[in-house]
Amino acid sequence: DAGVIQSPRHEVTEMGQEVTLRCKPISGHDYLFWYRQTMMRGLELLIYFNNNVPIDDSGMPEDRFSAKMPNASFSTLKIQPSEPRDSAVYFCASSVSGELFFGEGSRLTVL
Amino acid sequence: DAKTTQPPSMDCAEGRAANLPCNHSTISGNEYVYWYRQIHSQGPQYIIHGLKNNETNEMASLIITEDRKSSTLILPHATLRDTAVYYCIVRVYNNDMRFGAGTRLTVKP
């Protein structure tokens with residue numbers, strides 16, 4: 001299996017632009033998690049899904065952030081409009097038996 | 001409120017055992033203890049987890065005290081590649097997974 005696949009690996013954008021991060025979980029996994037990591041705040045859980053349904057989105061910073069999982073093999077995290085303080089590494093993880101498998105992350109820089 | 005308490009940093013000599021402690025005094029009966037590590041800027045990597053009994057796998061051993069209020073992750077023969085941030089997490093099985101600050105382990109030659 002290829003593992004959790006995230007794209008893009010790096011993105012540089014300007015303040016106010018829309019950003020879409022993508023995640024393909026491991027086939028057969030029924031849980032999907034989105035995290036954000038910064039030096040100041042560490043690794044924060046943003047939202048997680050079970051069977052494509054959002055279970056807990058209490059970590060989503062504000063209305064500018066939204067996440068969807070239209071099917072079992074794809075999820076997106078969208079930021080609109082983006083701000084410099086959104087600069088971070090965004091990780092996606094999937095699981096089926098309690099153990100989370102993480103992707104390599106998407107490094108976002110908002111200028 | 002943080003559910004776990006870990007020392008911010010530790011050093012270990014290469015080839016020696018690394019013993020990483022974690023306090024989780026408010027753990028509930030249905031919460032597991034999980035350990036992950038993050039090497040440099042990679043995604044966190046699962047190490048081991050347990051409920052009550054001690055566990056061992058090819059990477060490490062997990063020792064949980066009888067009252068379950070603390071645990072220790074043991075890397076039996078640490079190598080330079082074990083230098084990483086180690087996270088101790090308590091969670092209900094298949095529930096949310098929230099990371100704290102972890103312990104930065106530095107393995108020295």
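Since every read-out is calculated from the coordinates, none of them should be taken as a lab result. Keep in mind that this is a model prediction, so the values were computed, not measured. Don't worry about glycine lacking a Cβ; one is built from the backbone with ideal geometry, like all the others, and counts go over all protein chains shown.
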Checklist entry - Leaving out same-chain residues fewer than 8 places away, which lysines sit with a Cα under 21 Å from that of B:LYS52? => result B:LYS3, B:LYS69
Checklist entry - Could you give the dipole magnitude of the protein assembly as shown about its Cα centre, charging the beta-carbon of Lys and Arg +1 and that of Asp and Glu -1, in debye to the nearest 20? => result 300 debye
Checklist outcome for this item: With x for Gly and Pro, the residue-by-residue ³J(HN,Hα) of region A:4-12, computed from phi through the Karplus equation 6.51 cos²θ - 1.76 cosθ + 1.60 at θ = phi - 60° and given in whole Hz, is 6, 10, 10, 8, x, 6, 9, 9, 10
Checklist outcome for this item: Plugging the Cβ-Cβ distance of B:MET59 and A:ARG22 into 1/(1 + (r/R0)^6) at R0 = 35 Å yields, to the nearest 0.05, a FRET efficiency of 0.70
Item to check | All lysines inside 16 Å of A:LYS68 as judged from Cα atoms, apart from same-chain residues fewer than 8 positions distant | outcome: A:LYS24, A:LYS78
Item to check | Residues in region A:46-79 reached by a label modelled at A:THR13 [backbone nitrogen below 13 Å; 7 Å Cα→Cβ] | outcome: A:64-67, A:76-79
Next on the checklist: Which cysteines in the protein assembly as shown lack any other cysteine whose Cβ sits under 4.7 Å from their own Cβ?
Outcome noted: B:CYS12
Item to check | Spacing of the two label points (7 Å from each Cα toward its C-beta) at A:ILE5 and B:GLU66, in nm | outcome: 5.2 nm
Checklist outcome for this item: The exposure ranking of A:ARG22, B:ARG81, B:ARG91, fewest beta-carbon neighbours within 10 Å first, is B:ARG81, A:ARG22, B:ARG91
Checklist entry - Suppose every K and R has +1 on its Cβ and every D and E has -1 on its Cβ; what is the size of the dipole of region B:36-109 about the Cα centre, in Debye to the nearest 20? => result 220 debye
Item to check | Sorted by Cβ density within 10 Å, fewest first, the residues A:MET69, A:MET40, B:MET10 | outcome: A:MET40, B:MET10, A:MET69
Checklist entry - Can you pull the mean other chain C-beta count within 10 Å for peptide A:38-45? => result 3
Item to check | Surrounding net charge for B:VAL107, when Lys and Arg each add one and Asp and Glu each subtract one, Cβ distance under 10 Å | outcome: 0
